[in-house]
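Colleague: Input: one structure, supplied below.
The values are calculated or read from the model by the stated rules, or taken from the named source; none is laboratory data. What you are looking at is a predicted structure, and each value in this text was computed from that prediction instead of being measured. Reconstructed Cβ throughout: ideal geometry from the backbone, glycine too, with neighbour counts over all protein chains shown.
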Amino acid sequence: MEIERQNQGKFALGINGFGRIGKLTVWHHVGRKYFRELVVNIGRMVGTSLEDIAHYLERDSTYGALGAYLHGYRSKNIIENINDNDGTMVVNGLKVTFLREQRNPFKIGWDAHDVRMVVDTTGQFLDPTLDPDHPKGSVRGHLECGAEKVIVSAPFKIKDKGKDLRGTGTDDITTTVMGINDNHYDPRKHCLISNASCTTTCLAHMIKPLLDYFGSQKILSASMATVHASTGSQQVLDRLPGAGKTDLRKNRSILNNIILTSTGAAKALSLVIPEMKRIGFIAESVRVPVNTGSLIILVMNFQEGPAGEPIRKDLINDIYREAAKKDPNGYLHYTDQQNVSCDIIGTPRAAAIIEGHETHTRTAEVAIDLSKVPDLESDLINRLKDQIIRIPVTQGVMYGWYDNELGSYTEMLGDRTVTIAEHL
């Protein structure tokens, strides 16, 4: 991108957390080289030296070697000039500094490293209503120690049930998904930006083309289930639950179980696509023992009109096919091929990969007893010859793949980071 070359070296990017998303965010930005430097806060000592951090950064059990990811078979030594005293190394020609002292955002000290923007990948600081100096840490602490903008790699989560995201003191936050509502970000007022989740990102890109084509009035209901890869929060082997924990399945081994769990995708979806608030929507999640590569099964019920083109598989696939062709960012992909989860791992900037081969539709009449419909006047019902009306409803089932770690989520998180940095 021309704008990236023009702005290269503007300032340092802070990355808080060095787990799966933190590590892959470093991978993304040492390849992209938009920022002058990366400053990664781990917040504690790890291993025996900085060499151990370099070892962790350079290799990945899912995506292979960092050098191969960036340069393929032409890759040479990708990490150089490791200085344990300064906590610095050069990765693909870009300086990366590692901080290993403070875990509380309020105490990190980003201003000492010329960090103006932070991507928080810890999953720990999600409540924007907490004070910056909260003893357990707050996402607002980043703003107090030098950052002007903070992007959170998860949905916001407010602990106080009496508050919501529109409450007092939270006018400076927003939730966006690239390619859906990223233009809702207002650089003049938004300081805390949630990049939603990998599942919400895929789901939004699956729903938006259908919503644009049919309109919200024609969609009667929707539901989804994500068949989701394992994450770092799950257990390798069975263990006892912590005190007060009620979900006993989270403590079972992900190596050999299909585990039912929950997802906040439905709630987050309404923040990025407000039209979904009037549509009944249910979201469920099932964890399976693969390391990445997830699938959304989306079910939508459409009301057929008295005239017009019937809603069939070919129509739905054409909607997706055309939307993918016209997507200026290339976030929506469409394929007629038959895939398995490994096939989509690492596909760059693919929010959703629609598998058109598996799209299914079925139309049936739904009988509605008007006498049981609330708020209908009895005189009106009595004047009808038949109190039972029959409405044709088509149920569509659509499948969307997403690489929940690098290809889908982290790559688009990188795009969100750069687009916000362009306004600084």
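Colleague: Just name the residue that is modelled with the lowest pLDDT out of those in region 164-189 that are surrounded by 14 or more Cβ atoms within 10 Å (Cβ to Cβ) and either of a type in the set (A, V, I, L, M, F, W, C) or at positive phi (or both).
Modeller: 165
Colleague: Could I ask something else about it? Looking at residue 45 and the list (1) hydrophobic (A, V, I, L, M, F, W, C); (2) in contact with a helix residue (DSSP H, G or I) (Cβ under 7 Å, 6 or more places away or on another chain); (3) modelled with pLDDT under 95, which single condition is not satisfied?
Modeller: Condition (2) is where residue 45 drops out.
Colleague: What single numbered condition from (1) surrounded by fewer than 16 Cβ atoms within 10 Å (Cβ to Cβ); (2) modelled with pLDDT of 90 or more; (3) part of a helix (DSSP H, G or I) fails to hold for residue 238?
Modeller: Against the list (1) surrounded by fewer than 16 Cβ atoms within 10 Å (Cβ to Cβ); (2) modelled with pLDDT of 90 or more; (3) part of a helix (DSSP H, G or I), residue 238 comes up short only on (3).
Colleague: Filtering region 79-103 down to residues that are in a loop (DSSP other than H, G, I, E, B) and in contact (Cβ under 8 Å) with a residue 40 or more places away in the chain, which residue is nearest to the chain's Cα centre (by Cα)?
Modeller: Only one residue fits best here, namely 103.
Colleague: Give the residues of region 104-114 that are in contact with a helix residue (DSSP H, G or I) (Cβ under 9 Å, 6 or more places away or on another chain) and either assigned to a strand (DSSP E or B) or not aliphatic (A, V, I, L, M) (or both), sorted by residue number.
Modeller: Once the filter is applied, which keeps residues that are in contact with a helix residue (DSSP H, G or I) (Cβ under 9 Å, 6 or more places away or on another chain) and either assigned to a strand (DSSP E or B) or not aliphatic (A, V, I, L, M) (or both), region 104-114 yields 104, 105, 106, 107, 110.
Colleague: Further, regarding this structure: Can you find, within region 35-56, the residue that is nearest to residue 412 (Cα to Cα) among those that are in a loop (DSSP other than H, G, I, E, B) and in contact with a strand residue (DSSP E or B) (Cβ under 8 Å, 6 or more places away or on another chain)?
Modeller: Of everything passing the filter in region 35-56, 35 is nearest to residue 412 (Cα to Cα).
Colleague: Something else now. Which condition from (1) at pLDDT below 95; (2) farther than 22 Å from residue 410 by Cβ is the one that residue 212 breaks?
Modeller: Looking at each condition in turn, residue 212 falls short on (1).
Colleague: Can you say whether residue 348 is surrounded by fewer than 17 Cβ atoms within 10 Å (Cβ to Cβ), in contact with a helix residue (DSSP H, G or I) (Cβ under 6 Å, 6 or more places away or on another chain) and either in a strand (DSSP E or B) or at negative phi (or both), as far as the supplied structure shows?
Modeller: yes
Colleague: Would you mention how many residues in region 103-136 are of a type in the set (D, E, K, R), surrounded by fewer than 16 Cβ atoms within 10 Å (Cβ to Cβ) and closer than 21 Å to residue 160 by Cα?
Modeller: The total comes to 3.
Colleague: How many of the residues in region 284-321 are loosely packed, with under 15 Cβ neighbours inside 10 Å and touching a residue at least 24 places away in the same chain (Cβ under 8 Å)?
Modeller: 3
Colleague: Tell me whether region 317-330 contains one or more residues that are assigned by TED's automatic domain parsing to the domain that holds residue 397, part of a strand (DSSP E or B), within 24 Å of the chain's Cα centre (by Cα) and modelled with pLDDT of 95 or more.
Modeller: no
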